[in-house]
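Notes follow the structure.
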Amino acid sequence: MTYDVIVIGSGPGGYSAAVRAGQYGLKTAIVEKDNKLGGTCLHVGCIPTKALLHTADVWEYFTHSAEQGIHCDNPKLDWPLVSDRKNKIVSKHAKGVEFLMKKNKVDVIKGYGKLAGPGKVQVHSERGVETLETKNVILATGSEARMLPGIKPDAKRILTNVEILSIDHVPASMLIIGAGAVGVEFASIFKRFGSNVTVLEMLPRLVPVEDEEVSKELERYFKKHGIRCETGAKAENVRYSDKGVALTATLANGKVEEMEAECLLVAVGRKPNTENIGLEGTAVQTDRGFIKVDSHQRTGQPGVYAIGDIVAGTPQLAHVATAEGMVACADIAGKPVTPINKLRIPGATYTEPGIGSVGLTEAQAKAQGYDVKVGKFPFGANSKASILGMHDGFVKIVSDGKFGEILGVHIIGPQAFELVGEAVTAMEAEATVDTMIHAIHAHPTIYEAMGEAFNNVYGQAINI
Ligand SMILES: Cc1cc2nc3c(=O)[nH]c(=O)nc-3n(C[C@H](O)[C@H](O)[C@H](O)COP(=O)(O)OP(=O)(O)OC[C@H]3O[C@@H](n4cnc5c(N)ncnc54)[C@H](O)[C@@H]3O)c2cc1C
């Protein structure tokens, strides 16, 4: 039997592509090396972290409830139950992915998959090695945490996103190297659960891919809430110590400081899983391990596609992996293909305050020569934000003065990762600043801040 498509890897890229291939009536198999389907996102990424972030929100409501006139005497955090809830959410959705494979008649093959010549995929498992025939392969093997040279993660003291999700108590203190989305989300979780958290980032700001003002606001908030943030800092010489783990940090001002904590989270980026998947001898091209693709997700090797975290040039996000899977399947099935537009990919960071963004930052828009017009609105002037007790942050619109084109939207504040949906839809529909001004925003809502920020491109917000 020859498959139409074999997908290697069952993360959000791979499993969604398998579903879509099944929906198109293609004879499809998915190969997964782990026991459970779902990949990084479901098991050690998006879902467990967001479950913990939600519990941190709930915990904060209880610990600050007196502000709302509710006295909760001595609320207690039961960490095993917190972890258990997170694990149950993950298991429920892993079963959901299994169900989707059955529903869409996708063969699930457990084992390690690799390319084995044109039209062939080899699967290595306890059963031995089997070779499958296929017309097309979608590589969706994802990524794993990068490590600093000379150190290895363990279960207790040196952690990546994998080990930290299984720790059996809230650590008294935590060092975090890396202030991208993963680093700052764990900082937001564990600080609120009571850890003493220090974040070290080599670049000059937290969340360096975001608009500069967003980075500044997050740093201001984190510092105000007791998270030590050292940007422009280099961490070296990580070692075990009596307390747990120690490192030497060279801070932005040149001062060298020895730091120590119960544990260290290394969150310095993600390495694509492209070694040992049979790329040697193929025409697949890579750039520092990431696979180069065209706008249809085709690699240089006919019949071999790549999607998700292994792809060069698109951000490592679950929804990007899924969207790229849709593109690859459409191409395979001979359907119309709408390539990924990198300027319409939302970024979402689920810290408190949250971050949602899409399109160009102000600096990028200026560098590209646009006549940049910015409209901002602070959540401090939004009545729903006051009701929620979440005044920090703002909405920032980056637009082009010539036609009112929306170039980017950058939000930090309550539910920013949900609000960004309006911006993505507006940009996808090619709405202008004027269209968005005329879109009526309900009162009192958080998303009214969007309407106000669009108005403020012309200096015409009402409530500031
Ligand atoms: C802590 C953390 C939080 C995150 N939070 C978010 C978030 O909130 N939102 C968001 O959009 N993104 C988030 N991400 C990023 C997101 O998890 C990834 O972008 C996404 O999982 C990528 O999907 P993928 O399908 O490319 O690969 P993965 O999810 O990495 O899945 C790859 C799968 O392939 C399997 N595999 C690898 N090699 C082989 C092989 N040779 N044979 C068979 N199987 C193989 C792996 O076992 C794995 O199951 C987060 C990441 C981390 C680490």
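Some notes on this structure:
- Note on region 274-289: residues that are polar (S, T, N, Q), within 11 Å of the ligand (Cβ to nearest atom) and open to solvent by 40 Å² or more (accessible area, probe 1.4 Å) total 1.
- Close Cβ contacts (under 8 Å, 6 or more residues apart or on different chains) running from residues in region 48-73 that are on the phi < 0 side of the Ramachandran plot to residues that are of a type in the set (S, T, N, Q) and within 16 Å of the ligand (Cβ to nearest atom) comprise PRO48/ASN87; THR49/ASN161; LEU53/SER188; LEU53/THR351; ALA56/SER188.
- Set GLY96, GLY117: member being more than 30 Å from SER195 (Cα to Cα), surrounded by fewer than 16 Cβ atoms within 10 Å (Cβ to Cβ) and under 24 Å from the mean Cα position of the chain (by Cα): GLY96
- Spans of strands (runs of 3 or more DSSP E) in region 85-136 with at least 1 residues over 22 Å from GLN297 (Cβ atoms) and of a type in the set (Phe, Trp, Tyr): 112-115
- Applying the set (1) closer than 23 Å to LEU251 by Cβ; (2) in contact with a helix residue (DSSP H, G or I) (Cβ under 8 Å, 6 or more places away or on another chain); (3) open to solvent by 10 Å² or more (accessible area, probe 1.4 Å) to VAL197 leaves exactly one unmet item: (3).
- Elements of type helices (runs of 4 or more DSSP H) in region 413-464, at least 2 residues being more than 24 Å from VAL372 (Cβ to Cβ): 416-428
- When LYS105 is tested against (1) open to solvent by 70 Å² or more (accessible area, probe 1.4 Å); (2) within 12 Å of the ligand (Cβ to nearest atom), exactly one condition is not met: (2).
- Total residues in region 170-188, condition open to solvent by 10 Å² or more (accessible area, probe 1.4 Å) and more than 16 Å from the ligand (Cβ to nearest atom): 3
- Scanning region 123-149 for residues being within 24 Å of ASP331 (Cβ to Cβ), surrounded by fewer than 18 Cβ atoms within 10 Å (Cβ to Cβ) and under 31 Å from the mean Cα position of the chain (by Cα) gives a total of 0.
- Some residue of region 259-273 being touching a residue at least 24 places away in the same chain (Cβ under 8 Å), within 21 Å of VAL5 (Cα to Cα) and within 16 Å of the ligand (Cβ to nearest atom): yes
- Residue within region 69-90 that is under 28 Å from the mean Cα position of the chain (by Cα) and closer than 15 Å to ASP34 by Cα present: yes
- Condition check for LYS292: exposed (fewer than 14 other Cβ atoms within 10 Å of the Cβ) and more than 10 Å from the ligand (Cβ to nearest atom): no
- Complete set of residues in region 51-91 that are closer than 30 Å to PRO12 by Cα and of a type in the set (A, V, I, L, M, F, W, C): ALA51, LEU52, LEU53, ALA56, VAL58, TRP59, TRP79, LEU81, VAL82, ILE89, VAL90
- Near pairs, Cβ below 6 angstrom, 6+ apart or cross-chain, from region 161-177 (under 23 Å from GLU230 (Cβ atoms) and among the small types (Gly, Ala, Ser)) to any residue that is within 16 Å of the ligand (Cβ to nearest atom) and open to solvent by 10 Å² or more (accessible area, probe 1.4 Å): none
- Note on region 334-375: residues that are more than 10 Å from VAL398 (Cβ to Cβ) and over 23 Å from the mean Cα position of the chain (by Cα) amount to 8.
- In region 213-233, residue surrounded by the fewest Cβ atoms within 10 Å (Cβ to Cβ) [restricted to those that are part of a helix (DSSP H, G or I) and acidic (Asp, Glu)]: GLU213
- Restricting the search to strands (runs of 3 or more DSSP E) fully inside region 234-299 and requiring at least 3 residues that are of a type outside the set (A, V, I, L, M) gives 234-240, 256-261, 270-272.
- Here the strands (runs of 3 or more DSSP E) wholly within region 301-408 that include at least 3 residues being open to solvent by 10 Å² or more (accessible area, probe 1.4 Å) are 372-378.
- Tally, over region 334-351, of residues that are more than 27 Å from SER188 (Cα to Cα) and among the aliphatic types (A, V, I, L, M): 3
The values are calculated or read from the model by the stated rules, or taken from the named source; none is laboratory data. Please read all numbers here as calculations on a predicted model, not as lab measurements. Using ideal geometry, Cβ is built from the backbone for each residue, glycine included, and neighbour counts are taken over all protein chains shown. When the accessible area is computed, the model is the full protein with side chains, heavy atoms only, and any ligands, DNA or RNA have been set aside. Shrake-Rupley method; radii C 1.70, N 1.55, O 1.52, S 1.80 Å.
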